[in-house]
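Visitor: What follows is a structure written as structure tokens; I'll ask about it next.
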Amino acid sequence: MITGKIKQIETMGLVDGPGIRVVIFMQGCPLRCIFCHNPEMQEYDGGTKYAPQDILRIVLRYKNYFGNQGGVTFSGGEPLAQPEFLLECLRLCKEEGINTCLDTSGVGNDKFNEKILSYVDLVILDIKALTNDKYKEMTNLSIDKNLEFLDLCQKLNKKLWLRNVIVPGINDTENYINL
């Protein structure tokens, strides 16, 4: 049986996608962002194990509040770091007519990305940096996987929200912003 590690579940999310959302914060992330806002979710150890059916049961309890725009958002950590679990959760939610959102850096196990995106209504893609050098400085990894994921989203015509966190003293200079 597939299980995933979840750090936290927020049942009245208002900023992680459109409408009222259940936000599933998944444990583990391959990036080490110098401005990480969920550092407790970086390590793969920790969190609570759930089966995809458990996640669906929780989400369904709040379905009446979703209206036309709300739904479920998978965030983290990095949801793509648990691809089989994420894929099954998304599939179950779509079977129930639930709007799905993926809040991601695009860095995970790429062999599942196209299948995962087939069940996603909206991608919130974190753009950590605009150049490979700055990306490595900020995350400790290359920008390549992030850009490949962006290309795949565009190829599949996925609805995208691009997000770039501006951090004072790191990427708030006029030169950086004008790249």
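Visitor: How high is the relative contact order of the chain, given as a whole-number percent (alpha carbon pairs under 8 Å, six or more residues apart)?
Guide: Numbers: 352 pairs, mean separation 35.7, N = 179.
Relative contact order here is 20 percent.
Visitor: Still on this model: Using a 4.7 Å Cβ cut-off, which Cys residues in the chain lack a partner cysteine?
Guide: So far as the 4.7 Å Cβ criterion goes, Cys29, Cys89, Cys93, Cys101, Cys153 stand without a partner in the chain.
Visitor: Which ³J(HN,Hα) values in Hz, rounded to whole numbers, follow from the phi angles of the stretch 117-123 under the Karplus curve 6.51 cos²θ - 1.76 cosθ + 1.60, where θ = phi - 60° and Gly and Pro get x?
Guide: Whole-Hz 3J(HN,Hα) from phi for the stretch 117-123: 5, 5, 10, 10, 8, 9, 10.
Visitor: Multiply the residue gap between Ser142 and Tyr44 by 0.36 nm, knock off their C-alpha separation, and tell me the result in nm, one decimal place.
Guide: 33.2 nm
Visitor: Right, here's the next one. Starting from the stretch 49-94, pick out the chymotrypsin sites (Phe, Trp or Tyr not before Pro) whose DSSP state is loop and whose Cβ has at most 14 other Cβ atoms within 10 Å.
Guide: Counting only loop positions with at most 14 other Cβ atoms within 10 Å, none of the chymotrypsin sites (Phe, Trp or Tyr not before Pro) in the stretch 49-94 qualifies.
Visitor: Follow-up question, since we're still on this one. Check Gly76: other-chain or 5+ apart residues with amide H under 5 Å from its amide H, H built from backbone geometry?
Guide: Hits under the 5 Å cutoff: Met26.
Visitor: Using DSSP to define loop residues, name the trypsin sites (Lys or Arg not before Pro) in the stretch 37-144 whose beta-carbon has at most 11 other beta-carbon atoms within 10 Å.
Guide: Arg61
Visitor: Mind checking the angle between helix 144-155 and the chain's longest principal axis? C-alpha axes, 0 to 90 degrees, to the nearest 10.
Guide: Its long axis makes an angle of about 60 degrees.
Visitor: Given a 10 angstrom Cα cut-off, can you work out which residue in Ile116, Ile166, Ile127 is the most mobile in a GNM of the chain?
Guide: Evaluated over the chain, the most mobile residue of the options is Ile166.
Visitor: Mind listing the long-range amide H neighbours of Asn99? Cut-off is under 5 Å, sequence gap 5 or more, other chains count too, H placed in the peptide plane at 1.01 Å from N.
Guide: Hits under the 5 Å cutoff: Val72.
Visitor: For the chain, what does the helix formula give at 222 nm: sum of -39500 (n - 2.57) over DSSP H segments with n ≥ 4, over the residue count, nearest 500 deg cm²/dmol?
Guide: Values: 6 runs with 51 residues, N = 179.
So the helix-based figure for the chain works out to -8000 deg cm²/dmol.
Visitor: Taking the 0 to 90 degree range and rounding to the nearest ten, how far is the long axis of helix 83-95 tilted relative to the main principal axis of the chain, both from C-alpha atoms?
Guide: 50 degrees
Visitor: Now, a different point. With θ set to phi - 60° and the Karplus curve 6.51 cos²θ - 1.76 cosθ + 1.60, what are the ³J(HN,Hα) couplings of the stretch 58-70 in order, to the nearest whole Hz, using x for Gly and Pro?
Guide: 5, 4, 4, 4, 10, 4, 4, 8, 5, x, 7, 10, x
Visitor: Scan around Ile124 for amide H atoms under 5 Å from its own, H built in the peptide plane at 1.01 Å from N, and keep only partners 5 or more places away or cross-chain.
Guide: Answer set, sorted by chain and number: Leu102, Asp103, Thr104, Trp161.
Visitor: Here's something else I'd like to know. Taking θ = phi - 60°, what integer Hz values does the Karplus form 6.51 cos²θ - 1.76 cosθ + 1.60 yield along the stretch 41-57, in sequence order, with x for Gly and Pro?
Guide: So the Karplus estimates, Gly and Pro as x, are 9, 5, 5, 7, 7, x, x, 10, 6, 9, 8, x, 5, 5, 4, 4, 4 Hz.
Visitor: Roughly how many Å is it from the Cα centre of the stretch 8-55 to that of the stretch 87-106, as a whole number?
Guide: Computed from Cα coordinates, the inter-centre distance equals 14 Å.
Throughout, read-outs are computed from the coordinates displayed, never taken from laboratory work. Nothing here was measured: the structure is a model prediction, and the numbers come from that model. Quick reminder, even Gly has a Cβ in these numbers, built from the backbone with ideal geometry, and neighbours come from all protein chains shown.
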